[in-house]
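Chemist: Quick one: structure below, then a few questions.
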Amino acid sequence: MEAAYANPALRALFPLVSHGSLQFSRCTRFPWSHDLPSIFPHGERHFRVRRLYEPNGSGREHIGGPVAADEAVELVASHLPAGCGPAVDGTPDDLESLS
């Protein structure tokens, strides 16, 4: 969480912890957006980065890992779509499309 907060791009998003993973949303209200990469624990000191929902409905995309926390944060930041932040006070219905 500290490594994510230190990254300006991730700090502009809404962070949430769900199912043991650190996820990021483009909006602050439920149901959160599910279009950004998430960080999942892998062992005691390593993490994997995955995108949970693909825009085309194909399921999970493995982005990288196992890596250290700071590397996981960099992977997430480097895979953010252009124009995804800052988080909007609202629901996904209030968001502009990223495509």
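The values are calculated or read from the model by the stated rules, or taken from the named source; none is laboratory data. Here the structure is a predicted model, which means the values were calculated and not measured. Backbone-built Cβ (ideal geometry, glycine too); neighbour counts: all protein chains shown. Just so you know, the surface numbers come from the protein's heavy atoms only, side chains and all, with ligands and any DNA or RNA stripped out. Shrake-Rupley method; radii C 1.70, N 1.55, O 1.52, S 1.80 Å.
Chemist: Looking only at 25, 78, 38, which one moves most when the chain is put into a Gaussian network model with springs between Cα atoms under 10 Å?
Modeler: With Cα springs under 10 Å in the chain, the top fluctuation among 25, 78, 38 is at 78.
Chemist: Loop-only check: which GluC sites (Glu not before Pro) in the stretch 1-97 are DSSP coil with at most 13 other Cβ within 10 angstrom?
Modeler: Listed in order of number, the matching sites are 44, 96.
Chemist: In nm², what is the average projected area of the convex hull enclosing the Cα atoms of the chain?
Modeler: Its Cα hull, projected and averaged over all orientations, spans 5.9 nm².
Chemist: With a 10 Å cut-off between alpha carbons and a GNM built on the chain, which of 67, 49, 76 moves the most?
Modeler: Of 67, 49, 76, the most mobile in the Gaussian network model is 67.
Chemist: Where the only charges are on Cβ atoms (+1 Lys, Arg; -1 Asp, Glu), what is the dipole of the chain about its Cα centre, to the nearest 20 debye?
Modeler: Once rounded to the nearest 20, the dipole reads 200 debye.
Chemist: Over the chain, with every protein chain in place, what whole percent of the accessible area is carbon and sulfur at 1.4 Å, could you tell me?
Modeler: After summing per-atom areas, the C and S share lands at 53 percent.
Chemist: Lys/Arg Cβ at +1, Asp/Glu Cβ at -1, dipole of the stretch 1-98 taken about the Cα centre: which of 77, 6, 43 is farthest positive-ward?
Modeler: 43
Chemist: Once label points are set 7 Å from the Cα along Cα→Cβ at both residue 44 and residue 17, what is their separation, rounded to one decimal in nm?
Modeler: It works out to 1.9 nm between the two label points.
Chemist: Additional query: Using 7 Å Cα-to-Cβ label points, what is the residue 68/residue 93 separation (nm, one decimal)?
Modeler: Label-label distance for residue 68 and residue 93, simple model: 4.5 nm.
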